[in-house]
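The values are calculated or read from the model by the stated rules, or taken from the named source; none is laboratory data. Everything numeric in this text was worked out from a predicted model, so none of it was measured. Because the Cβ atoms are built from the backbone with ideal geometry, glycine has one as well, and the counts that use them run over all protein chains shown. What goes into the accessible areas is simple: the full protein's heavy atoms, side chains included, and nothing from ligands, DNA or RNA. Shrake-Rupley method; radii C 1.70, N 1.55, O 1.52, S 1.80 Å.
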Amino acid sequence: MTTQLLLFAPVIHRGYDRLFDEYGQRAEVLLVGESFAPDYPEVRKEIRALRPQRVLEYLTATGLAPRVRVVEVGDLPGAVDADVLVVPDEELTRDLVDRFDLASRVREVRVERTFLRWDRRSVLAEQEPRPKAVVGLTDLQRELAGRTRELAEHSSDWWRQVGALAARDREVLATAYNHHLPTEYAPYVDGDPRNSFHRGLHIDLSTALHAEAAVVAAAARDGLSLAGADLYVSTFPCPGCARLVAAAGIARCFYAGGYSMLDGERILDEGGVRVVHVDLDAAVDVATGPADRSTPPAGSR
């Protein structure tokens, strides 16, 4: 009985090593090629990924899988011609089986529940970002908001860099930018569980300490009260950070970039935090006065 193993293998780690121990010697390995990237963004977003041809070279050179070939979009379903097709239990390969009707070409499709990387089934999310209102800035507010962009540049996060600072009057109380724990390289060594998600969806499922949370933590460490202070962030806070901001007693939250999350604005509003979207590129500076409830607040539809 002939066997083929179809999978996306961006790296070789213990999970893949075990899979090849099980099937490498008795199955032909079909590696998902780069032409699948337009339909499967995770192929492109996987920062750790080796090129499929390099993975092929590693597998054959080490003897983990003597029979390997890279398959591209035009190769399927014709490349599948075995009795048994083995695929990892993850979204990409499950979809390939359905999309190309690969079950009709084999006696059995065997789905292996081997954790190789995060996928949507591992971390489900159903949230939608919200639009935002726009106001101008005073000179001081523009200066402080501009500093959040400078802080964001220090972040090692591949997809999004966020800076934040807390200030009272003209005194800056704490500054921070988003970074990963236990080290800044965590998502690139172990893989990022958010690779399968669009921006703004389930951002709590991450190895990152968000900039707003880091500001609150820094103030707590240094014994500084944030009650009545202003928070400046380069993007709108997520719901988790919004809860921290409200609990810290921050009076106003100025955000420069659109990343409004479902419930984030509501959490801040009901927590007594005034939300202001600032336009760093506005031609005219406008002082922010009392909240105008005739204008939809940031985060409303």
Practice task
Return yes or no: is residue 92 over 30 Å from residue 274 (Cα atoms), at pLDDT 95 or above and touching a Phe, Trp or Tyr at 6+ places or on another chain (Cβ under 9 Å)?
Solution key: no
Exercise for the section: Select, from 70, 86, 111, the only residue that is more than 13 Å from residue 27 (Cα to Cα), of a type in the set (A, V, I, L, M) and open to solvent by less than 50 Å² (accessible area, probe 1.4 Å). Expected result: 70
Problem - Filtered residues of segment 171-200 (kept if at pLDDT below 80 and open to solvent by less than 20 Å² (accessible area, probe 1.4 Å)) - result: 186, 187, 191, 193, 195, 196, 197, 200
Practice task
For segment 145-154, indicate whether the set of residues that are within 22 Å of residue 228 (Cβ to Cβ), in contact (Cβ under 8 Å) with a residue 60 or more places away in the chain, of a type outside the set (Ser, Thr, Tyr) and in a strand (DSSP E or B) is non-empty.
Solution key: no
Problem - Conditions (1) within 20 Å of residue 25 (Cβ to Cβ); (2) within 33 Å of the chain's Cα centre (by Cα); (3) in contact (Cβ under 8 Å) with a residue 24 or more places away in the chain: number failed by residue 102 - result: (1)
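Return the total of residues in segment 7-39 being in a loop (DSSP other than H, G, I, E, B) and buried (at least 18 other Cβ atoms within 10 Å of the Cβ). Even if it seems obvious, please write down each step before you answer.
Looking only at segment 7-39, we keep the residues that are in a loop (DSSP other than H, G, I, E, B), and these are 8-13, 24-27, 33, 37-39.
Remaining after also requiring buried (at least 18 other Cβ atoms within 10 Å of the Cβ): 8-10, 24, 27, 33.
Counting residues in segment 7-39 that are in a loop (DSSP other than H, G, I, E, B) and buried (at least 18 other Cβ atoms within 10 Å of the Cβ) gives 6.
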Practice task
Answer yes if at least one residue in segment 256-274 is open to solvent by 30 Å² or more (accessible area, probe 1.4 Å), under 27 Å from residue 182 (Cα atoms), modelled with pLDDT under 95 and touching a Pro at 6+ places or on another chain (Cβ under 9 Å), and no otherwise.
Solution key: yes
Handout entry: Cross-chain or 6+ apart pairs with Cβ under 8 Å, segment 62-85 first and touching a residue at least 40 places away in the same chain (Cβ under 8 Å) and among the acidic types (Asp, Glu), then open to solvent by 40 Å² or more (accessible area, probe 1.4 Å) and part of a strand (DSSP E or B)
Key = 83/108
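Considering each of 248, 242 in turn, give the residue that is modelled with pLDDT of 70 or more, of a type in the set (A, V, I, L, M) and surrounded by fewer than 23 Cβ atoms within 10 Å (Cβ to Cβ). Reasoning before the result, please.
On the way: 242 fails: surrounded by fewer than 23 Cβ atoms within 10 Å (Cβ to Cβ).
Every option except 248 fails the conditions.
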